[in-house]
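Trainee: The following block contains the structure, expressed as structure tokens.
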Amino acid sequence: MAIVRIRHAPSGPNIGSEAHDSVIKAAHSDTNPPAGLIVHAFGQVDGEWQSIDIWESAAAADQYEKDILPVAQQSYGANHRWPQPNQEYELHSLVRG
């Protein structure tokens, strides 16, 4: 079952577009998206950064967050850590354009 994970984090020295882009590049997610990722979106809303990820399954998301993401985050700096998802839920439907 497809899931969505939403995270919010206040702007700061290790949270923002530069950190995001660096971690995405280090994980090669921009050129070789991780298995099971349907879509990743990142942007600023109401002074906070928000990450929205849709995955084919919670298992695929968990594997990425366990095996790939920590290594990519370390490449940017040890202090770069995103919080646990603020929201996570199974999708009833997903329409792709």
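Taken together, the values in this text are just the output of simple stated rules run on the coordinates, not laboratory data. Being a predicted model, the structure only gives us computed values, none of them experimental.
Trainee: Per residue, what volume in Å³ does the Cα convex hull of segment 1-91 take up? Intermediate results must be reported in sequence, preceding the final value.
Mentor: On the way: hull volume 7.8 nm³, N = 91.
Cα-based convex hull of segment 1-91, divided per residue, equals 86 Å³.
Trainee: Shifting gears a bit: Return the long-range amide H neighbours of residue 38 (sequence gap of 5 or more, or a different chain), with a cut-off of under 5 Å between placed amide H atoms.
Mentor: 54, 55, 56
Trainee: Going by alpha carbons, how many degrees (0 to 90, nearest 10) lie between the helix axis of 17-26 and the longest principal axis of the chain?
Mentor: 70
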